[in-house]
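Trainee: For reference, the structure I am asking about is given below.
The values are calculated or read from the model by the stated rules, or taken from the named source; none is laboratory data. This one's a predicted model, so the numbers in the text were calculated from it and none came from an experiment. Note: ideal-geometry Cβ built from the backbone for every residue, glycine included; neighbour counts use all protein chains shown. These accessible areas exclude ligands, DNA and RNA; they are computed on the full protein's heavy atoms, side chains included. Shrake-Rupley method; radii C 1.70, N 1.55, O 1.52, S 1.80 Å.
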Amino acid sequence: MTTFVDRVELHVAAGNGGHGCASVHREKFKPLGGPDGGNGGRGGDVILTVDQSVTTLLEYHHSPHRKATNGKPGEGGHRSGKDGQDLVLTVPDGTVVLDKAGNVLADLVGHGTSYIAAQGGRGGLGNAALASARRKAPGFALLGEPGDVRDVVLELKTVADVALVGYPSAGKSSLISVLSAAKPKIADYPFTTLVPNLGVVTAGSTVYTVADVPGLIPGASQGKGLGLEFLRHVERCSVLVHVLDTATLESERDPLSDLDVIEEELRQYGGLDNRPRLVVLNKVDVPDGRDLAEMVRPDLEARGYRVFEVSAVAHIGLKELSYALAELVASARAARPKEEATRIVIRPKAVDDTGFTVTREEVGGEPLFRVRGEKPERWVRQTDFNNDEAVGYLADRLNRLGVEEALMKAGARSGDGVAIGPEENAVVFDWEPSVMAGAEMLGRRGEDHRLDEARPAAQRRRDRQAERDEAQREFDDFEPF
């Protein structure tokens, strides 16, 4: 059964915002109590947070679909809806968040580091919040916005100070088991180690971590064997240790050729040229291994490597190796720039930034003007198109933003199609320019004279009122004999 997973595709969905409430205060002897609809609650976010106690992405391998809770709708009596609860997903230290195209969205290093993978939707305003001096009793409320729905890829890059690299069965797992308290699986066949192993080593006053990176063979950087899956775990390590087998049973291999092959794979993977390196000649407890180590050591030192002859079984040369690694790790830590507290940078938008764009397109030989921008698209999502007054309110907002003026400048004429939003999810309507906009154009609650199609009930009320007015005028004009 799989117990270690270092790459998963996660499907996250934030909570939707709750709808605002359209309500009128009702109380005895107060027929005009005024609007009292509350706002909808905010939808919950999906947040990725680093937790040092988590070491694998296995949980998300089995359950890749995660969703935060929705916000509650508002209620009458100025009662706002409850906010949705944020969904916090813990990930290991060193997790990289990417989109489906491979672009890095966040690099989560350090306990408590967080990233909002999906933003919850805003709650809609109730009619009490929409009331103004010109619109005293709104008969509508704004809808809550839908939360973000995203697919992200999580990749784990082990955070360690030292990486042990080498051929399978070179003795890396045995070495990490005697240097630290780690207990990896050890056997006398290749690819025994299928997952990276971490161990903590104490040398004097320096404490550092060692990672055993499995599966490096010729062609690993191109995906052969297990190398491509685990080479990423070398990226964050400060020191590389080549573990060379001096007692290999394969006649065509020797420590120098093994070193050249692994170095070529690291070079093709890229980004590791500046890491300090040590060479460990392992298994010198075997007679032939000792002789081979003494034979190749001068050549390795001539290449500039520090060479250590060790035996994980006989515990030979381990103390000298651990202190040498501690020295290199301490130097690497001292050379790192000091960590600074995260600074929040506020970049206000320019005053003349309209916040939207208008482009002309041709669809079926007919012009279509597409409006894109954060505000217009958000306002469309918040509008209840079954309510005439809400549609009129949207028209007022777009007009105040300057959308109508921009459409005129772009050459739009009466009857041309206008789309607000992206192509796959846009609201399309026939544009009719208005001379004026505002609450003074509204009739009874729930009506907007800018809409061509009048509601039958409203029309019948107007007809009856006209008949009563005509009868009253005839009565006033009547003169008795």
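Trainee: Which value in nm describes the separation of the simple spin-label points at GLU252 and ASP51, placed 7 Å from the Cα toward the beta carbon?
Mentor: Simple spin-label model gives 4.8 nm for this pair.
Trainee: Return a whole-number percent for the relative contact order of the range 1-84, with Cα pairs under 8 Å and 6 or more residues apart as the contact set.
Mentor: Relative contact order, the range 1-84: 43 percent.
Trainee: What percent does the relative contact order of the range 87-159 come to when contacts are Cα pairs within less than 8 Å and at least six residues apart?
Mentor: 40 percent
Trainee: Mind giving me the nanometre distance, one decimal, between the label points for ARG336 and ASP476, set 7 Å out from Cα along Cα→Cβ?
Mentor: 8.7 nm
Trainee: Related question: Order the peptides 312-319, 136-143 from the highest to the lowest mean number of other Cβ atoms within 10 Å of their residues.
Mentor: 136-143, 312-319
Trainee: May I ask you to rank ASP83, ASP469, ASP477 by accessible area, largest first, using a 1.4 Å probe over the protein chains only?
Mentor: Sorted by accessible area, descending: ASP477, ASP83, ASP469.
Trainee: Please calculate the 1.4 Å probe accessible area of GLU235, with all protein chains present, and give it to the nearest 10 Å².
Mentor: Counting only protein heavy atoms, GLU235 exposes about 60 Å² to solvent.
Trainee: Can you give me the solvent accessible area of HIS111 with a 1.4 Å probe, rounded to the nearest 10 Å²?
Mentor: My reading of the accessible area for HIS111 is about 120 Å².
Trainee: Between SER63 and VAL200, what FRET efficiency comes out of the Förster formula 1/(1 + (r/R0)^6) with R0 = 41 Å and r the beta carbon distance, rounded to 0.05?
Mentor: 0.85
Trainee: Within the range 397-433, report the trypsin sites (Lys or Arg not before Pro) that DSSP leaves as loop and that have at most 14 other Cβ atoms within 10 Å.
Mentor: Passing both the DSSP loop test and the Cβ count: ARG413.
Trainee: Subtracting the Cα-Cα distance from 0.36 nm times the residue separation, let me have the gained length for LEU105 to GLU467 in nm, one decimal.
Mentor: 123.6 nm
Trainee: Then there's this: By how many nm would the segment from MET408 to ALA314 lengthen if fully extended, with 0.36 nm per residue of separation less the alpha-carbon distance?
Mentor: Working it through step by step, the gained length comes to 25.3 nm.
Trainee: May I pose another question? Determine by what factor the alpha-carbon radius of gyration of the range 1-87 differs from 2.2 N^0.38 Å, reporting the quotient.
Mentor: Cα-based Rg divided by the globular estimate yields 1.73.
Trainee: If you don't mind, another one. How much accessible surface area, in Å² rounded to 10, belongs to the heavy atoms of TRP379 with a 1.4 Å probe?
Mentor: Roughly 30 Å² of TRP379 is accessible to a 1.4 Å probe.
Trainee: Suppose each label sits 7 Å from its Cα in the direction of the beta carbon; what would the PHE429-GLN268 distance come out to in nanometres?
Mentor: The answer from the label model is 6.0 nm.
Trainee: Now, a different point. How big is the convex hull of the Cα atoms of the range 105-148, per residue, in Å³?
Mentor: For the range 105-148, the hull spanned by Cα atoms encloses 102 Å³ per residue.
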